[in-house]
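Asks: Below: one structure in structure tokens.
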DNA sequence: CTTGTCATGTAACACGTTACATGATTTC
DNA sequence: GAAATCATGTAACGTGTTACATGACAAG
């Protein structure tokens with residue numbers, strides 16, 4: 001039972017999903033490829049933590065709709081309660097580039113940041129759209145602890161805040177790239 | 001040449017380091033174990049991108065002080081200029097727990113968030129301390145593009161902002177865990 | 001006297017990515 | 001007609017982690 005197993009269980013705790021759907025939904029907070037997810041779902045099924053129903057479709061391939069079992073929920077709750085906090089892992093190649101930003105000409109640096117900013121802006125709009133959808137399909141306010149969307153809502157909030165924070169950081173850095181600040185010939 | 005290679009090169013572009021030191025410094029933005037770093041440094045050395053000098057020490061084991069070569073700098077600059085933006089990877093088990101937070105009693109959830117908040121508070125203080133050190137060992141303002149610390153400064157700023165942002169997010173969520181909001185017996 | 005730091009390295013294993021494989025339907 | 005979407009799966013490979021190995025010195 002690796003962390004990804006619990007990620008799958010907690011998605012299924014909200015609603016039944018196919019492996020394909022899980023792969024897409026998971027991108028938001030635990031990136032994994034379908035080649036990792038399909039075998040894991042089969043394993044969880046053998047362990048009795050999820051079940052699936054084969055759904056025949058026309059025009060599209062058939063799919064397996066996975067649901068979490070009572071055992072699965074119990075296992076997930078136990079993990080949430082007992083799993084000690086682990087270090088969060090972040091690997092962002094952009095940060096590598098930033099560390100060495102002094103090696104580049106100010107104009108190159110500026111372009112790098114602006115490119116990043118545009119990508120973030122796009123992601124923010126997409127998130128805002130998904131947030132609106134979430135609020136429309138609600139049966140009660142998503143801010144309500146009892147709502148089935150509550151956890152998902154907190155996560156989307158966090159995602160949006162993270163993106164906004166990075167945009168703010170970029171806007172804070174940009175004035176530091178003055179065209180006047182040329183690369184000095186010797187910096188030691 | 002994987003991303004970690006460039007991470008090592010950009011650390012060495014700031015100053016010569018031992019593998020041991022690199023392992024510690026890298027924790028800030030690209031987690032890797034020494035068992036991955038030592039063999040990679042040997043590989044970079046064979047490729048002529050870094051060189052090392054053996055430093056004999058008394059009371060401590062000898063160390064290899066690695067420095068970046070002109071070829072290494074060129075390779076790094078080329079990578080920064082041409083490497084297309086890649087998706088950033090984040091894996092945080094806490095986020096999995098949050099997604100399924102509705103399965104837990106409000107008091108358990110509250111405790112989980114408060115525990116996280118404390119850990120963040122500690123990290124923030126540590127970061128502030130390191131930031132102060134950075135500003136003391138400066139030969140010119142760290143906010144200056146020409147400063148050798150400039151990239152590192154931007155990164156530390158980002159780290160601190162990220163931690164503060166998460167603390168703010170937690171403070172925003174906490175009032176939503178009203179003790180009155182009990183787990184409903186049936187939620188679909 | 002046990003734990004932590006400094007310091008480097010290798011071996012075994014687990015995890016994760018890329019590529020291979022298939023195929024109907026819709027959109028550009 | 002090419003590319004994207006839906007949908008599942010396996011094989012090969014590469015990356016990354018844990019564990020093994022060593023050893024002096026300092027601090028609690």
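Asks: Considering every residue within segment B:103-115, establish whether at least one is under 30 Å from residue B:8 (Cα atoms) and surrounded by 13 or more Cβ atoms within 10 Å (Cβ to Cβ).
Replies: no
Asks: Looking at (1) within 13 Å of DNA strand C (Cβ to nearest atom); (2) in contact with a helix residue (DSSP H, G or I) (Cβ under 8 Å, 6 or more places away or on another chain), which is the only condition residue A:103 fails?
Replies: (1)
Asks: OK, next. Determine whether segment A:46-66 contains at least one residue that is within 14 Å of DNA strand C (Cβ to nearest atom), within 14 Å of another protein chain (Cβ to nearest Cβ) and out of contact with any helix residue (DSSP H, G or I) (no Cβ under 7 Å at 6 or more places or on another chain).
Replies: No, that holds for no residue.
Asks: A follow-up question, please. If you check B:80, B:37, which single one turns out to be within 14 Å of DNA strand D (Cβ to nearest atom) and within 19 Å of the chain's Cα centre (by Cα)?
Replies: Result of the check over B:80, B:37: B:37.
Asks: Just wondering, is there one or more residues in segment B:80-97 that are farther than 28 Å from residue B:131 by Cα, more than 14 Å from chain A (Cβ to nearest Cβ), away from DNA strand C (no atom under 14 Å from the Cβ) and without any contact (Cβ under 8 Å) to a residue 40 or more places away in the chain?
Replies: Looking through segment B:80-97, none of the residues is farther than 28 Å from residue B:131 by Cα, more than 14 Å from chain A (Cβ to nearest Cβ), away from DNA strand C (no atom under 14 Å from the Cβ) and without any contact (Cβ under 8 Å) to a residue 40 or more places away in the chain.
Asks: Hey, among the residues in segment B:1-14 that are more than 9 Å from chain A (Cβ to nearest Cβ) and either more than 16 Å from DNA strand D (Cβ to nearest atom) or in a loop (DSSP other than H, G, I, E, B) (or both), which one's farthest from the chain's Cα centre (by Cα)?
Replies: Out of the qualifying residues, it is B:1.
Asks: Residues A:47, A:70: which one is farther than 16 Å from residue A:16 by Cβ and either more than 9 Å from DNA strand D (Cβ to nearest atom) or touching a residue at least 60 places away in the same chain (Cβ under 8 Å) (or both)?
Replies: One residue alone meets the criteria, A:47.
Asks: Which ones in segment B:139-179 are under 17 Å from residue B:11 (Cα atoms), more than 7 Å from chain A (Cβ to nearest Cβ) and either touching a strand residue (DSSP E or B) at 6+ places or on another chain (Cβ under 6 Å) or not in a helix (DSSP H, G or I) (or both)?
Replies: B:142, B:147, B:149
Asks: Could I ask something else about it? Within segment A:119-131, is even one residue free of Cβ contacts under 8 Å to residues at least 40 places away in the same chain and at the interface with chain B (Cβ under 10 Å from one of its Cβ atoms)?
Replies: Scanning segment A:119-131, I find at least one residue that is free of Cβ contacts under 8 Å to residues at least 40 places away in the same chain and at the interface with chain B (Cβ under 10 Å from one of its Cβ atoms), so the answer is yes.
Asks: Among the numbered criteria (1) within 10 Å of chain A (Cβ to nearest Cβ); (2) in contact (Cβ under 8 Å) with a residue 24 or more places away in the chain; (3) more than 27 Å from residue B:19 (Cβ to Cβ), which single criterion is violated by residue B:103?
Replies: Residue B:103 satisfies all of (1) within 10 Å of chain A (Cβ to nearest Cβ); (2) in contact (Cβ under 8 Å) with a residue 24 or more places away in the chain; (3) more than 27 Å from residue B:19 (Cβ to Cβ) except (2).
Asks: Further question on the same structure: Where in segment B:18-130 are there strands (runs of 3 or more DSSP E), lying fully within it, with 3 or more residues that are closer than 24 Å to residue A:94 by Cβ and touching a strand residue (DSSP E or B) at 6+ places or on another chain (Cβ under 6 Å)?
Replies: Ranges flagged: B:89-91.
Asks: Take residue A:98 and decide whether it is closer than 30 Å to residue B:143 by Cβ and away from DNA strand D (no atom under 16 Å from the Cβ).
Replies: yes
Every number in this text was worked out from the coordinates using simple rules, so none of it is lab data. Everything numeric here is computed off the predicted structure, so don't read it as measured data. Neighbour counts are summed over all protein chains in view; Cβ atoms, including those assigned to glycine, are modelled from backbone coordinates with ideal geometry.
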